[in-house]
Amino acid sequence: MPTFSIRFAAPADVPAILAMIRELAEFEKLTHLFVADETALAEALFAERPHCECLVGEEDGRPVAFALFFHNFSTFLARRGLYLEDLYVKPEHRGRGHAEAMLRELARIAVERGCGRFEWSVLDWNENAIRFYRKMGAEVMPDWRICRVTGDGLSALARQG
């Protein structure tokens with residue numbers, strides 16, 4: 001059985017993480033939205049004031065999974081939370097408990113940092129992921145929808161008023 005380990009990403013991991021993000025975009029049929037490159041990802045993860053953090057899951061020393069996350073804030077709790085932007089395990093490495101191990105490590109980090117919640121989004125058509133997350137104890141929030149403004153719409157909104 002291969003050895004699986006989890007560690008925080010290092011700058012040398014950027015190409016492998018970016019490749020897995022591209023695979024995730026393909027899986028989600030969202031490649032038309034994929035514009036990330038190594039420079040932007042490295043800046044987001046490793047600048048003086050990083051925007052996010054990333055765990056890398058390795059099987060026998062090779063990156064096979066990643067979890068990119070950042071802190072958000074709950075006004076109702078008056079505490080920060082941990083928000084998982086993306087969790088991905090390469091298809092040929094699924095079914096070995098890697099995603100579960102990554103979620104448990106993220107939960108441990110959230111508790112260690114005093115976060116009031118740990119949350120993420122899931123596409124409504126991804127029934128396998130929804131079942132998995134529920135099995136892990138997550139509540140899928142039925143009454144909440146994501147609102148997003150990007151690109152020209154974001155620029156237009158910023159100019160209003």
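Being surrounded by 11 or more Cβ atoms within 10 Å (Cβ to Cβ), more than 14 Å from the chain's Cα centre (by Cα) and among the β-branched types (Val, Ile, Thr) is the filter here, so list the residues in the range 1-30 that pass it.
Within the range 1-30, Ile6, Val14 qualify.
Answer yes or no: is there a residue in the range 65-75 that is in contact with a His (Cβ under 8 Å, 6 or more places away or on another chain) and surrounded by 13 or more Cβ atoms within 10 Å (Cβ to Cβ).
Yes, the conditions are met somewhere in the range 65-75.
State yes or no: is Val56 in contact (Cβ under 8 Å) with a residue 12 or more places away in the chain, more than 24 Å from Glu119 (Cβ to Cβ) and of a type in the set (Val, Ile, Thr)?
no
Which of (1) closer than 26 Å to Phe34 by Cβ; (2) surrounded by 18 or more Cβ atoms within 10 Å (Cβ to Cβ); (3) not acidic (Asp, Glu) is the odd one out, the single condition Cys115 does not satisfy?
Of everything listed in (1) closer than 26 Å to Phe34 by Cβ; (2) surrounded by 18 or more Cβ atoms within 10 Å (Cβ to Cβ); (3) not acidic (Asp, Glu), Cys115 misses just condition (1).
Any read-out appearing in this document is the output of simple, stated calculations on the displayed coordinates, not a laboratory observation. The model shown is predicted, which means the values in this text are computed figures rather than measured ones. In this analysis, Cβ positions are derived from the backbone assuming ideal geometry, glycine residues included, and neighbour counts consider all displayed protein chains.
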